[in-house]
Amino acid sequence: MKIDFITSNHFKLGIARQLLAPYGIDVAMKRLELDEIQSSEVEAVAMHKARQALAIAKRPFIVDDSGFYVNGLRGFPGAYLKHTLGMIGWSGVLKLLGPSRDRRAMFRAVLVFGDPTTGKTARFESMVPGTISRREHGTNNARMLTSRIFAPNGSTKTIAQMDKSEWNAFITRVERNRYGKLARWLKKNYSF
């Protein structure tokens, strides 16, 4: 089966290809100009993109969106993560959080499959709980937008402090969850 990934992010495309290939699913990059609604809920943003893509896509596709929800900030920044970090950076998020004792946070990613011939959509989500550090740690900030301030549960390191093997194990574990759900759903609902 061939599906398009509506993205311009080569890193995300690589993960999708790696995790879907064993199921016989070939993923190609497709660039479409889609409006992104302003919502703190990542599900709403991803579903809005999918509904737009249903009207213009030629073959089945996936869209992806993610958000970062900080308990001590009542769920902020949510789906506004990229804009928030672009304006105030990691240090600004840490200042907003201040001395809050509740430093729990959740990284949430939503993948939506859409089929323009049937109008069907299906949603697959992964969640990564963790904590916000008291200051920035590590130097690799290209892995995830929250890499220098977020330590996943079970780790004493922020994502930016992880070496390459730790990072690969972490991201594969996280993404395998939702891509595995997508692949099993496709095998059940489509013949290929």
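The values are calculated or read from the model by the stated rules, or taken from the named source; none is laboratory data. Keep in mind that this is a model prediction, so the values were computed, not measured. Note: ideal-geometry Cβ built from the backbone for every residue, glycine included; neighbour counts use all protein chains shown.
Table: residues versus (1) at negative phi; (2) part of a helix (DSSP H, G or I); (3) not β-branched (V, I, T).
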| residue | (1), (2), (3) |
| --- | --- |
| S8 | yes, no, yes |
| G14 | yes, yes, yes |
| P22 | yes, yes, yes |
| V27 | yes, no, no |
| L34 | yes, no, yes |
| I37 | yes, no, no |
| L54 | yes, yes, yes |
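Let's see how each residue does on (1) farther than 25 Å from R134 by Cα; (2) surrounded by 13 or more Cβ atoms within 10 Å (Cβ to Cβ):
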{"residue": "F150", "(1), (2)": "no, yes"}
{"residue": "G154", "(1), (2)": "no, no"}
{"residue": "K164", "(1), (2)": "no, no"}
{"residue": "I171", "(1), (2)": "no, yes"}
{"residue": "Y179", "(1), (2)": "yes, yes"}
{"residue": "R184", "(1), (2)": "yes, no"}
{"residue": "K188", "(1), (2)": "yes, no"}
{"residue": "S191", "(1), (2)": "yes, no"}
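Scanning the stretch 134-149 turns up no residue that is small (G, A, S) and either under 18 Å from A53 (Cβ atoms) or touching a Cys at 6+ places or on another chain (Cβ under 9 Å) (or both). Scanning the stretch 157-192 for residues that are of a type in the set (V, I, T) and either in a helix (DSSP H, G or I) or in contact with a helix residue (DSSP H, G or I) (Cβ under 7 Å, 6 or more places away or on another chain) (or both) turns up I159, I171, T172, V174.
The residue that is farthest from the chain's Cα centre (by Cα), among those in the stretch 59-115 that are part of a loop (DSSP other than H, G, I, E, B) and not charged (D, E, K, R), is P99. Residue count for the stretch 126-140 under the criterion of being in contact (Cβ under 8 Å) with a residue 24 or more places away in the chain and surrounded by fewer than 16 Cβ atoms within 10 Å (Cβ to Cβ): the result is 3.
From the residues in the stretch 11-45 that are charged (D, E, K, R) and in contact with a strand residue (DSSP E or B) (Cβ under 9 Å, 6 or more places away or on another chain), which one is farthest from A79 (Cα to Cα)?
Among residues in the stretch 11-45 that are charged (D, E, K, R) and in contact with a strand residue (DSSP E or B) (Cβ under 9 Å, 6 or more places away or on another chain), the one farthest from A79 (Cα to Cα) is D26.
Contact map, the stretch 98-118: residues that are more than 26 Å from F170 (Cα to Cα) paired with residues that are in a strand (DSSP E or B) and not small (G, A, S), Cβ distance under 7 Å, separation 6+ or inter-chain. Pairs shown: G114/F61; G114/T121. Of the residues making up the stretch 29-57, those that are surrounded by fewer than 17 Cβ atoms within 10 Å (Cβ to Cβ) and touching a Leu at 6+ places or on another chain (Cβ under 9 Å) number 2.
Pairs are defined by a Cβ separation below 7 Å, a sequence spacing of at least 6 or placement on different chains, a first member in the stretch 14-28 that is crowded, with 20+ Cβ neighbours inside 10 Å, and a second member that is basic (K, R); the pairs so defined are L19/R176; V27/R17. Looking across the stretch 120-145, the residues that are touching a helix residue (DSSP H, G or I) at 6+ places or on another chain (Cβ under 7 Å), under 21 Å from R178 (Cα atoms) and at pLDDT below 95 come down to E125, S126, V128, R143, M144, L145.
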